[in-house]
Amino acid sequence: MSLVTAAAARAVAAPRTTGWEIVRRNFTVYKSSWLVFLTGFLEPLLYLFSIASASAR
Amino acid sequence: MALTSPIPRWEMVARLRPYWTAVYLRTWKGSVVTSFVMPLLYVLAMGVLLGGFVRGGTDLDGAPTYLAFVAPGLVAAQAMQTATGETTWPVMGNIKWHRSYFAQVASPLDVVDVVAAHLAFVVFRVASTSAVFLLVMAPFGVFSSAVGVLLAWPVLVLVGLSFAGVFFAYSATIRSESGFAVIYRLLVIPLFLFSGAFFPISNLSPVLEWVARLTPLWHGVDLTRMLVLGQVQPGLALVHLTYLLVLSGVGWWLAVWRLNVRMEV
Amino acid sequence: MDDGGATDDGRATSLVWARGLRKSYAGFEAVRGIDLDVRPGESFGFLGPNGAGKSSTMRMVAAASAPSGGELTILGLDPTTHGSAIRSRLGVCPQEDTLDLELNVRENLVVYASYFGIRKAEAGRRADELLDFVQLTDKARAKVVDLSGGMKRRLTIARSLINDPDLLLLDEPTTGLDPQARHLLWDRLFRLKQRGVTLVLTTHYMDEAEQLCDRLVVMDGGAIVAEGSPLALIREHSTREVAELRFGVGEHEALAERVTDLADRVEVLPDRLLLYTQDGEETLAKVHERGLDPVAVLVRRSTLEDVFLRLTGRTLVD
């Protein structure tokens, strides 16, 4: 019985988590594929350039 | 005891027909949207709506209207998109997740047969979507030559094939699917936008114009446009055809090489 | 069995013949010169821990991977030139499933049959027969993704038999299965053996090796360390019985010295002591006489695990 109350006490005293831990986990996973994110910025630029080129002349 | 008389290569490849039939039967509905509805929307948006704003008299590589200019460009771009879609995710899936290729080479089939059958399926997909596209565009009155349209159909298949081999090799080499996002954004989309489908490449700066001439899709777009508008320049057409054929051959060789390496491991 | 390669007349009737077979991957040597001779109709096993080179060897025997060195003949043919012909007569049950997850059970068999040039009607007939053999008839229309691990394995076995093979290769057939599934699978394989199908299998489970194999080789670090029937290996490399003693944590090393004279051999493991002897109960009684009081005891017959431990100093399952 005291094991249960001890476990409960540890649970209550446990440090609060906010969800930023997940963000950090995602950062760890995706930081090796930074190139993919970089190319993502290129996409809208390419479309704009294409429209500009189309309207040239 | 064991067979030693060689079976003809095409017969070995044909053994994969039930497999690819099964694959098509479970995926064709999705392909209707990507290979048919989407390009049709592009044609309507770009050709009809946007085209209404394009002033007459502009240099459109010989096309009478903007719609007539854009339609062949888009059908060639669609061939590229279809071929790319069929040789990126499905190839990696067959190696990494479903491991279908491993099941296939455990049988009498060789890697050559596996690649040939997959590329044959890509040919089927590009041929069917291109045919539908061309048929749908015909009533819009944008095609000037019926013979040209008939000849454009195998050209479009060749355009697809020229991308298929190279991307197959790429997909068999990379280990993670994030590599697809990279080539899609750095290669496929730029080709889609700047190969003369939406505007003549002469709109670009001279340097960029020459870069565009080196890329496969421009050859496909230009040749298709020549054929359907009935304005074939024989010398240039031959250059286009040669380029696409050579790229298809190189792609085939690369695909077989890379899959052989990957299946060893 | 031929040795040294002085006379190769066994080669003509051997289903799988190898001399000095090697396989290297990017500088790492996975298989370091092994000799094989699988006779028709026998059940031949490769027993060894993970990383011993069993799967690499199996891939070479399946004509799926080219040897890096040595000689290899499968069904009398050279795999580098007649790979396709060899594979047409093999049945392969790989370690990782290669089933098509989006087809149903029966479709998997029929599609696979087409790779061997078997016509659709014949494929359907064989598929039904095989589904009955592996007891999956009522699951014929089920999607593979819905099957349990044991059922997927049985389906893979059924698939490997679709071309009525001369030689069946199984790479770790029961890894990851629950005991009931394992026993059902062993039963099916035993029936195949009775029908005269030659089996070659790899495993790191000693009970599987003992149950299924007529003859086996023990592999470790890419080489063969022992060869023979399970019984012969146990007789040669181990005693008849083993007494296992468990004491408190960390006490085994010290206590070993107090019992060395009670048995033919003593092995010290992190969690127990193994006393190898002819009569386990007798040795156990003497241990108690010495005043030692183990927490738990077990007297059992020697197994292939003991053979492996003797030959390599390690357990099969690390």
Can you work out D for the protein assembly as shown in µm² s⁻¹ from Stokes-Einstein, where Rh is the Kirkwood radius over C-alpha pairs, the temperature is 10 °C and the viscosity is 1.306 mPa s? 54
Normalised by the number of residues in region B:43-152, what is the relative contact order in percent for Cα pairs under 8 Å and 6+ residues apart? 26
Within the set of other residues whose C-beta is less than 13 Å from the C-beta of C:R310, count the net charge using Lys and Arg as +1 and Asp and Glu as -1. -3
List the residues, sorted by chain then number, that are 5 or more residues from C:G117 or on another chain and whose placed amide H is less than 5 Å from its amide H. none
If you build a Gaussian network model of chain B, linking Cα atoms that sit under 10 Å apart, which residue out of B:A71, B:A212, B:A181 swings the most? B:A181
Fewest-first ordering of B:Y66, C:Y205, C:Y25 by Cβ atoms within 10 Å yields C:Y25, C:Y205, B:Y66
For chain B, what mean projected area does the convex hull of the alpha carbons give, in nm²? 15.8
About the Cα centre, and with charges only on the beta carbon of Lys, Arg (+1) and Asp, Glu (-1), how big is the dipole of chain B? Nearest 20 debye, please. 560
So what are the radius of gyration and Dmax for the Cα set of region C:217-297, in Å? 14.5, 44
Give the distance, in whole Å, between the Cα centre of region C:128-186 and the Cα centre of region B:112-133. 33
Where N is the number of residues in chain C, Cα Rg divided by 2.2 N^0.38 Å: 1.14
I'd like the per residue volume of the convex hull spanned by the Cα atoms of region B:183-248, given in cubic angstrom. 95
Per-residue ³J(HN,Hα) for region C:245-255, Karplus 6.51 cos²θ - 1.76 cosθ + 1.60, θ = phi - 60°, Hz, x for Gly and Pro: 10, 10, 10, x, 4, x, 8, 5, 4, 5, 5
For chain C: relative contact order, % (alpha-carbon pairs under 8 angstrom, 6 or more apart): 19
The residues B:W153, B:W97, sorted from fewest to most surrounding Cβ atoms within 10 Å, come out as B:W97, B:W153
Just list whichever of A:K31/C:K143; C:K54/C:K193; C:K152/C:K193; B:K96/C:K152 have alpha carbons separated by over 28 Å in the model shown. A:K31/C:K143
Charge context of B:S195, other residues only, Cβ under 15 angstrom, K/R +1, D/E -1: -1
Considering amide H positions built from the backbone, and no H for Pro or chain starts, which residues 5 or more places from C:L167, or on another chain, come under 5 Å of its amide H? C:G91
When only C-alpha pairs under 8 Å and at least 6 residues apart count, what is the relative contact order of chain B, in percent? 26
Inter-part gap, Cα centre of region C:211-247 to Cα centre of region C:41-100, in whole angstrom, is 23
Whole-Hz Karplus ³J(HN,Hα) for region B:187-204, in order, using 6.51 cos²θ - 1.76 cosθ + 1.60 and θ = phi - 60°, x for Gly and Pro? 10, 5, 5, x, 4, 4, 7, 10, 9, x, 6, 9, 8, x, 5, 5, 5, 7
Using a cut-off of 15 Å between beta-carbons, work out the net charge of the residues near C:T174 (Lys and Arg +1, Asp and Glu -1, C:T174 not included). -3
Could you work out the Rg to Rh ratio of region B:123-265, with Rh taken as the Kirkwood radius (inverse of the mean 1/r over all Cα pairs)? 1.01
Sequence of C:I86, B:I201 once ranked by neighbouring C-beta atoms within 10 Å, starting from the fewest: B:I201, C:I86
Can you tell me the orientation of helix B:146-173 relative to chain B, as the angle in degrees between its alpha-carbon axis and the longest Cα principal axis, to the nearest 10? 50
List the residues whose amide H sits under 5 Å from the amide H of C:G69, counting only those 5 or more places along or on another chain, with H placed 1.01 Å from N in the peptide plane. C:R22
Please turn the phi angles of region C:107-115 into ³J(HN,Hα) values with the Karplus equation 6.51 cos²θ - 1.76 cosθ + 1.60 (θ = phi - 60°), one per residue in order, whole Hz, x for glycine and proline. 4, 4, 5, 5, 5, 4, 4, 5, 5
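None of the figures in this text is laboratory data; all of them are computed from the coordinates on show. Model, not experiment: these values are computed from the prediction. Positions of Cβ are backbone-derived with ideal geometry, glycine not excepted, and every protein chain shown enters the neighbour counts.
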